[in-house]
Amino acid sequence: MDSASAADHNCWTRPTLPPYLIFFCLNGCCCRQIGSKRNVLIVGDSINQQIYWTLLNNLNKEVEDRGSRAQPDEESAEVCSDVLPGGEGFKLGFVRNDRLSLIPPGISSSIPEFHEFPWVHYLKQWEIQILVLNRGAHYEADEVYTQALRNAFSLLQAQYPHLLVVYRDTPPGTYHCSTHFSLYGSV
């Protein structure tokens, strides 16, 4: 095993770090694990947005906080070109869509419970190869939640079979959480 491979192996298998933090370890390690031109799109709720900002900060990119309701930029950030061979990094982008709804470009919805911006067209536009998804922890009936996931994954399987898709689960939401209803009364 060469020294770069050994460094990557050690970076990803350190027993002192929890698995979710290992990904955010070192700039070079993260970059080499993803690889040149393996563009990444993160789609989901505010937790996925925090993951996106954490990755950008870790990869030494300045991040402007546009708030959870902001329309995403039409560009993704180029990262890791300082670490990967030949200066060939990859793009990292984020789109806020709490429900993974398949709305077309030019349409968006930002109601108190959900933020939904178009994301599917970025898969082709940004030549995405790795897609990280989640649905927000906002309450919806099981049937609505399940159907939305089926719709999203059916489209991905049919139109983008080359994608590596990572689905990050979110704990179930609390019924009426958006109206500040408390099961425990006033606290």
**Prompt:** Quick one: length gained pulling Asp142 to Val165 fully straight, 0.36 nm per residue minus the C-alpha distance?
**Reply:** 6.1 nm
**Request:** With label points built 7 Å along Cα→Cβ from the Cα atoms of Ser36 and Ser109, find their separation and express it in nm.
**Result:** 4.3
**Request:** Rank-order 126-132, 115-121, 99-105, 147-153 by packing density, defined as the average count of other C-beta atoms within 10 Å over each peptide's residues, highest first.
**Result:** 115-121, 126-132, 99-105, 147-153
**Prompt:** Gln50 versus Phe153, label points 7 Å from Cα toward the beta carbon: distance in nm?
**Reply:** 2.6
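FYI, it's all coordinate maths here, none of it is from the lab. Keep in mind that this is a model prediction, so the values were computed, not measured. As a convention, Cβ positions derive from the backbone with ideal geometry for all residues, glycine included, and neighbour counts pool all protein chains shown.
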